[in-house]
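Here is the structure we will look at, set down as structure tokens.
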Amino acid sequence: MNNFLKQTVYIILALQEKFAKKKKTMKGNSSAKAAISSGCSVNFTAKTQENKAQIESNLKVILKSFENMPEKMMLYIERNGTPVIRDSRAGEILDIIREEQGYIRELKGLKALILNLMLYKKFSFNTSPMFLLDEGEVDKYAMIHQFYKWYAMKFGMPGFDESTQENFNKYIDENCYLNLKNLEVDDILALKEAIARDVDAINFVTDIAKQNEGSKKALKKLTDGGASV
């Protein structure tokens, strides 16, 4: 597993532990909140799981045809209405607005203004969804991770609306503080969905990486004459 995958797995594990701990502190807040979270989520969760299975099935076919090549993913993304921008300052720009390279959702407010000024020298408080990457070589697994999230968003999976993603970014940013007790129950459930989408993405990437490593080992065994019939 490459360094990107290791780092992302550690982040996700820490996130899940953090969420579990904070969730415990909220249990006594309101029985009504518990009823909302359990009563409304059954059908919603079943549909989400059904869509997740469909997304992963679709993506495996797409990525196989692309041979997991980032350049082909970028072409597919652009052909489906999302611009892909390569800029040598991408890392610097995204550090300022506290976003990561790859899929950038629709932004509003100060983040959008900074992005517009630095990319287009344009004064606007709105941006459309885009992919923003630097001009260096793109790690295929990092790209698959972002490609999965973009595809899931286009598919209509929950957890990708602006306010939820903003809360998610604050939640995983060590330099920010997000107090879950100050959020409404709907916001907390939405945040849980955003975390789930990121976990889905990293699990998918991990499966692809394992399959690729397994294929490489099998091919090496064959070429080394180690396979027996």
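At least 2 residues being farther than 22 Å from Phe168 by Cα is the threshold, and among the strands (runs of 3 or more DSSP E) wholly inside region 49-153 those reaching it are 84-86.
Yes or no, residue by residue, for (1) under 29 Å from Thr206 (Cβ atoms); (2) at pLDDT 95 or above; (3) in contact with a helix residue (DSSP H, G or I) (Cβ under 7 Å, 6 or more places away or on another chain):
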position	(1), (2), (3)
Ser37	yes, no, yes
Ile55	yes, yes, yes
Val61	yes, yes, no
Ser65	yes, yes, no
Pro70	yes, yes, yes
Glu78	yes, yes, no
Asp95	yes, no, no
Arg105	yes, no, yes
Lys121	no, no, no
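Kindly establish whether Ser65 is without any contact (Cβ under 8 Å) to a residue 12 or more places away in the chain, of a type in the set (Gly, Ala, Ser) and either over 15 Å from Asp139 (Cβ atoms) or open to solvent by 20 Å² or more (accessible area, probe 1.4 Å) (or both). Answer is yes for this residue. Residues that are touching a Ser or Thr at 6+ places or on another chain (Cβ under 9 Å), over 20 Å from Asp161 (Cβ atoms) and in contact (Cβ under 8 Å) with a residue 12 or more places away in the chain within region 116-137 comprise Leu119, Asp134, Glu135, listed in sequence order.
For first residues located in region 101-115 and closer than 12 Å to Thr82 by Cα, partners that are crowded, with 18+ Cβ neighbours inside 10 Å and among the basic types (Lys, Arg) and lie 6+ apart or on another chain with Cβ distances below 9 Å form the pairs Gly102/Lys149; Tyr103/Lys149.
Val205 falls short on exactly one of the conditions (1) under 19 Å from the mean Cα position of the chain (by Cα); (2) closer than 18 Å to Glu99 by Cα; (3) modelled with pLDDT of 90 or more; (4) of a type in the set (A, V, I, L, M), and that condition is (2). One residue alone among Glu137, Glu99, Glu174, Glu162 is at pLDDT below 95 and surrounded by 15 or more Cβ atoms within 10 Å (Cβ to Cβ), and that residue is Glu99.
The values are calculated or read from the model by the stated rules, or taken from the named source; none is laboratory data. Please read all numbers here as calculations on a predicted model, not as lab measurements. Note that each Cβ is placed from the backbone with ideal geometry, even for glycine, and that neighbours are counted across all protein chains shown. For accessibility, only protein heavy atoms count, side chains too; no ligands or nucleic acids. Shrake-Rupley method; radii C 1.70, N 1.55, O 1.52, S 1.80 Å.
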